[in-house]
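Peer 1: Starting off with a structure, shown below.
Values in this text are rule-based calculations from the coordinates and carry no lab data. From a predicted model like this one, the values you see are computed outputs, not experimental measurements. Backbone-built Cβ (ideal geometry, glycine too); neighbour counts: all protein chains shown.
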Amino acid sequence: MSKQPLMPPFEKKVHLKDYDPAYTGSYEDESEVQEQLNKDLDRLRDLQEVLYAERKRTVLIVLQGIDTGGKDGTIGHVFRGLNPQGVEITAFKQPSAEELSHDFLWRVHHRVPPQGMIGVFNRSHYEDVLVVRVHDLVPKKVWKARYEIINHFEEMLVEQDVVILKFFLYISKDEQKERLQSRIDNPHKQWKFALGDLKERELWDDYVEAYEDMLTKCNTETAPWYIVPANHKWYRDLVVTRTIVEALDKLNLKYPKPVEGLENVVIPD
Ligand code: AMP
Ligand code: MG
């Protein structure tokens, strides 16, 4: 199979049918990526330490994907080795009455962590052009205007030294069926199953359309989207970890300079 791009080209309409959710690059199975993944996880831990010490940049990781797409699993696997003190994870649920009484970015902006931290969004402001659009929760005129508003918001964050990495975890409809079934069959996963998930599944095509628009209209050079083939969890984890490591590597992070005169400091007995 030909190489599948991770980043869709800018300014071009994204068609998800051009992307294979079962793609695994040059790898055949999990055993082939284990070593690389462990190396990347170690590297991520080292980079996080410098990010934290430097306290100049924020890294914001946005995870979106259809139900059972693997947002929770990705968080569990990719961030497991990090210093928990330097990571803030936020899961965005249905907005509360208070949240709804503000603009849609209010609750989101509030959860962008300070410099030195890695923020992880399990769902995000993109729900406001996804579930909200698919379910007509606001008039079309309102959600249509949001793509541009989101681009401006993200541009402003990037201006403030926030590095934004947006991952769309892409699974196939068949894979979702299997994952929903395994939630029903496995007593330890049943709590994750909601009858509403089947209603959402019926709206698959509407979601695809909404995702395609999100991936087209909000794919900017300042805050690009990555389309992660996510049918195979091991490939998904590899791609997400790799991408974060490469982005952090590019930042040229530095430990802050020590206080002056440190070489003359004597610790008293
Ligand atoms: P889960 O991630 O499975 O815990 O579910 C969270 C639910 O909250 C999902 O059904 C989302 O679609 C929903 N949700 C998240 N953000 C919004 C939003 N801005 N408006 C409406 N529903 C939302
Ligand atoms: Mg759910």
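Peer 1: Rounded to whole Å and sorted largest first, what semi-axes of the equivalent ellipsoid does the C-alpha gyration tensor of the chain yield via the square root of 5 times each eigenvalue?
Peer 2: 33, 24, 19
Peer 1: Could I ask something else about it? Measure up Lys17/Lys189; Lys3/Lys217; Lys71/Lys189; Lys177/Lys233; Lys71/Lys192; Lys93/Lys233 against 22 Å on the Cα-Cα distance and list the ones that go over.
Peer 2: Going by Cα-Cα distance, Lys17/Lys189; Lys3/Lys217; Lys93/Lys233 fall outside the 22 Å limit.
Peer 1: Once amide H atoms are placed 1.01 Å from N in the peptide plane, what residues at a sequence separation of 5 or more from Val162, or on another chain, have their amide H within under 5 Å of its amide H?
Peer 2: For Val162, whose amide H was placed from the backbone, the distant partners under 5 Å are Thr58.
Peer 1: Evaluate the distance, in nm, between pseudo-label points positioned 7 Å from the Cα of Leu198 and of Met7 along their respective Cα→Cβ axes.
Peer 2: Label at Leu198, label at Met7, 4.3 nm between them.
Peer 1: Once you charge only the Cβ atoms, +1 for Lys and Arg and -1 for Asp and Glu, what is the size of the charge dipole of region 94-134 about its Cα centre, to the nearest 20 debye?
Peer 2: Computed about the Cα centre, the dipole is about 140 debye.
Peer 1: Between rounded, prolate and oblate, where does region 1-118 land on the alpha carbon gyration tensor, with a ≥ b ≥ c its root eigenvalues, rounded for a/c under 1.5, else prolate if a/b exceeds b/c? Present the calculation step by step, with values, prior to reporting the outcome.
Peer 2: Values: a/c = 1.97, a/b = 1.20, b/c = 1.64.
Oblate.
Peer 1: Can you compute the charge dipole magnitude of region 208-258 about its Cα centre, using +1 on each Lys and Arg Cβ and -1 on each Asp and Glu Cβ, nothing else charged? Give it in debye, rounded to the nearest 20.
Peer 2: Numbers: 7 positive and 7 negative charges, 84 e Å.
Rounded to the nearest 20 debye, it is 400 debye.
Peer 1: Using the Cα atoms as the points, what is the convex hull volume per residue of region 102-191 in Å³?
Peer 2: Given the Cα convex hull of region 102-191, per-residue volume reads 147 Å³.
Peer 1: Stretch Ile89-Asp72 to full length: gain in nm at 0.36 nm per residue minus the Cα-Cα span?
Peer 2: Values: separation 17, 0.36 × 17 = 6.12 nm, distance 1.07 nm.
Using 0.36 nm per residue and subtracting the Cα-Cα distance, I get 5.1 nm.
Peer 1: If the only charges are +1 at each Lys and Arg Cβ and -1 at each Asp and Glu Cβ, what is the size of the charge dipole of the chain around the Cα centre, to the nearest 20 debye?
Peer 2: Dipole about the Cα centre, nearest 20: 420 debye.
Peer 1: Between Glu148 and Glu98, with labels modelled 7 Å along Cα→Cβ, what's the label distance in nm to one decimal, could you check?
Peer 2: That separation, rounded to one decimal, is 3.3 nm.
Peer 1: Next up: Amide H of Ala91: which non-local residues (sequence gap of 5 or more, or other chain) have their own amide H closer than 5 Å, using H built in the peptide plane?
Peer 2: Excluding prolines and chain starts, which carry no amide H, the hits are Asn122.
Peer 1: Can you tell me the 0 to 90 degree angle between the C-alpha axis of helix 173-185 and the longest principal axis of the chain, rounded to 10?
Peer 2: Roughly 80 degrees, rounded to the nearest 10.
Peer 1: Using only Cα atoms, what is the ratio of the radius of gyration of region 110-269 to 2.2 N^0.38 Å?
Peer 2: Cα Rg divided by the expected 2.2 N^0.38 Å: 1.39.
Peer 1: Could you pull out the chymotrypsin sites (Phe, Trp or Tyr not before Pro) across region 26-106 that fall in loop regions by DSSP (anything but H, G, I, E, B) with no more than 15 other Cβ atoms inside 10 Å?
Peer 2: Values: sites: Tyr27, Tyr52, Phe79, Phe92, Phe104, Trp106; in loops: Tyr27, Phe79, Phe92, Phe104.
Sites meeting the loop and neighbour criteria: Tyr27.
Peer 1: Between Glu209 and Leu251, what length in nm is gained on full extension when 0.36 nm per residue of separation is reduced by their alpha carbon distance?
Peer 2: 11.7 nm
Peer 1: Work from the charge dipole of region 229-269 (Cβ charges, +1 for Lys and Arg, -1 for Asp and Glu, about the Cα centre) and give the residue of Pro258, His232, Thr243 farthest towards its positive end.
Peer 2: The residue sitting farthest along the positive end of the dipole is His232.
Peer 1: Continuing with this model, one more query. Just check region 216-261 against the gyration tensor rule for me: Cα atoms, a ≥ b ≥ c as the square roots of the eigenvalues, rounded for a/c under 1.5, and otherwise prolate or oblate depending on whether a/b exceeds b/c.
Peer 2: oblate
Peer 1: Additional query: Scan the chain and hand back the longest stretch that contains none of the GluC sites (Glu not before Pro) lying in DSSP loops with at most 10 other Cβ atoms within 10 Å.
Peer 2: Details: sites that count: Glu11, Glu28, Glu221, Glu260.
In short, 29-220.
Peer 1: Mean-square fluctuation check for the chain, GNM, Cα pairs under 10 Å: which of Lys93, Lys166, Lys217 is largest?
Peer 2: Among Lys93, Lys166, Lys217, the largest mean-square fluctuation in the Gaussian network model of the chain belongs to Lys93.
Peer 1: Run the simple label-point estimate for Trp106 and Val266 please: 7 Å along Cα→C-beta, distance reported in nm.
Peer 2: Going from the Trp106 label point to the Val266 one covers 6.0 nm.
Peer 1: Using 0.36 nm per residue, how much length does the chain from Glu49 to Ser26 gain when fully extended, once their Cα-Cα distance is taken away?
Peer 2: Using 0.36 nm per residue and subtracting the Cα-Cα distance, I get 5.1 nm.
Peer 1: Right, another one. Once phi is turned into ³J(HN,Hα) by the Karplus curve 6.51 cos²θ - 1.76 cosθ + 1.60 with θ = phi - 60°, what whole-Hz value does each residue of region 234-240 show in order, with x for glycine and proline?
Peer 2: With the stated coefficients, region 234-240 comes to 5, 6, 3, 5, 4, 5, 5 Hz.
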